[in-house]
Amino acid sequence: MIALSPRSLDEAVRHLESDPALVPVAGCTDLMVRGPEALHDIDRVIDLLGIPELRGIREVDGGLGGLEIGAATTFSEIRSSAAVRAAFPSLVDAAGQVGGWQIQNRATLGGNMANASPAGDSLPVLLALDAVAVVAGPRGQREIPYSGFHTGYRKTALEPGEIIVRVRLPRLPEGSIQRFRKVGTREAQAISKVVVALVGRIEDGRIAELRLAAGSVAAVPVRLRKAEEAVRGEAPGAEAAGLAGRAAAEEVQPIDDVRSTAEYRSFALERVVRRMVLGLI
Ligand SMILES: Cc1cc2nc3c(=O)[nH]c(=O)nc-3n(C[C@H](O)[C@H](O)[C@H](O)COP(=O)(O)OP(=O)(O)OC[C@H]3O[C@@H](n4cnc5c(N)ncnc54)[C@H](O)[C@@H]3O)c2cc1C
């Protein structure tokens, strides 16, 4: 096994350029549970944890432009960041639901994104927050709007040799409301059956802005556009909440798998969306 430990992004990119088959590793909480056969095939890894450009949380324009979170930032670091708590509490809520604290101490935001499980807890939050992924590879750096990051079941828009450097979360307008809800088998250490994130804003007694995103209900995390459209401009309340919940359940076709049934997922999605939209009052 060859393990490279670059100390800068440039050095990492050079290694990846000369050997695109290098496997990036961060907290290893996904990689190490892939099973002996998958691990047997990995013989060259590049450790991302020592690259300063991938670590930490930074305010853009003193916070006016939002935040940038390094891809190798752990969920524990996200949970304990005052800046993330103040600007993006839904991401803090999601970080607190990723496994137990032992996992949160190692698991990184970039690893959750690149692993691209449809059940990844942070993914609907990033979608609802209109995040942008900054990635680097042999052809330099580029930005990928998060809405285009997941291209299929466990597939991403990353090209060979590319790594995620950081995630930009644009600042939300004053008065924005954020919510996160994970439905699992139990309160702790559960992979989600359904996970939903909401960003909304009420103006003059009407729903002026609503972004809803869900995970575990399709091959990729999805925006619930029909539910959003059903209630945009409506007065918040039971009627709007019911409309949004029904539209959400109608627009996705979840599947049965080991964690849940399609029927339960639709039922849970309708309820979670309804309650979240009701909470906008
Ligand atoms: C017991 C247990 C419980 C868990 N519970 C949850 C849970 O509740 N919710 C949840 O969402 N997840 C859960 N997970 C999954 C896992 O912890 C997360 O997906 C985590 O965020 C992965 O991050 P990592 O740094 O450990 O990634 P790694 O395991 O290091 O890497 C995962 C994948 O991402 C790639 N990668 C990592 N970083 C980058 C980067 N910067 N650029 C490009 N590619 C990269 C790697 O090559 C690999 O393919 C759990 C895992 C375990 C073992």
(message) Per residue, how much accessible surface does the stretch 92-225 expose to a 1.4 Å probe? Answer in Å², no decimals.
(response) 40 Å²
(request) Take the chain, connect every pair of alpha-carbon atoms lying under 10 Å apart with a spring to form a Gaussian network, then pick out the residue of Thr108, Thr185, Thr73 with the largest mean-square fluctuation. (result) Thr185
(message) When the expected Rg is taken as 2.2 N^0.38 Å, what fraction or multiple of it is the alpha-carbon Rg of the stretch 48-112?
(response) 1.06
(request) Using only Cα atoms, figure out Rg for the stretch 173-280 and give it as a multiple of 2.2 N^0.38 Å. (result) 1.04
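Multiplying the sequence separation of Glu174 and Ala235 by 0.36 nm and subtracting their Cα-Cα distance, what value in nm do you get?
20.0 nm
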(request) Convert each backbone phi in the stretch 193-202 into a coupling constant with the Karplus relation 6.51 cos²θ - 1.76 cosθ + 1.60 (shift: θ = phi - 60°), then list the ³J(HN,Hα) values in order as whole Hz, x for Gly and Pro. (result) 8, 8, 9, 9, 10, 10, 10, x, 8, 9
(message) Whole-Hz ³J(HN,Hα) for each residue in the stretch 250-258, computed from phi via Karplus 6.51 cos²θ - 1.76 cosθ + 1.60 with θ = phi - 60°, x for glycine and proline: what do you get?
(response) 7, 8, 10, 10, x, 10, 7, 8, 5
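What's the ranking of 264-270, 65-71 by average number of surrounding C-beta atoms within 10 Å, highest first?
Ranked from most to least packed, the peptides come out as 65-71, 264-270.
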(request) Please give the contour-minus-distance gain from Asp41 to Gln189: 0.36 nm per residue of separation, less the Cα-Cα distance, rounded to one decimal in nm. (result) 50.4 nm
(request) Please work out the C-alpha center-to-center distance from the stretch 135-184 to the stretch 51-105 and express it in whole Å. (result) 14 Å
(message) I need the Kirkwood Rh of the stretch 1-140: take the reciprocal of the average 1/r across all distinct C-alpha pairs and report it in angstrom.
(response) 15.9 Å
(message) Taking all protein chains in place and a 1.4 Å probe, what share, in percent, of the accessible surface of the chain do carbon and sulfur account for?
(response) 50 percent
(request) Search the structure for amide H atoms under 5 Å from the amide H of Ala131, placed 1.01 Å from N in the peptide plane, and list their residues when 5 or more places away or on another chain. (result) Tyr146
(message) Give me the one-decimal nm value for the distance between modelled label points at Ala219 and Thr151, 7 Å along each residue's Cα-to-Cβ direction.
(response) 1.3 nm
(request) Measure of size requested: the Rg and Dmax of the chain, with Cα atoms as the atom set and Å as the unit; please supply both. (result) 19.0, 61
(request) Rounded to whole Hz and in sequence order, give me ³J(HN,Hα) for the stretch 80-91 from the Karplus expression 6.51 cos²θ - 1.76 cosθ + 1.60, θ = phi - 60°, writing x for Gly and Pro. (result) 9, 7, 5, 5, 5, 4, 6, 9, 9, x, 5, 6
(request) Of the DSSP beta bridges with both residues in the stretch 7-157, give the percent that are antiparallel, rounding to the nearest 5. (result) 80 percent
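The values are calculated or read from the model by the stated rules, or taken from the named source; none is laboratory data. Everything numeric here is computed off the predicted structure, so don't read it as measured data. Quick reminder, even Gly has a Cβ in these numbers, built from the backbone with ideal geometry, and neighbours come from all protein chains shown. Just so you know, the surface numbers come from the protein's heavy atoms only, side chains and all, with ligands and any DNA or RNA stripped out. Shrake-Rupley method; radii C 1.70, N 1.55, O 1.52, S 1.80 Å.
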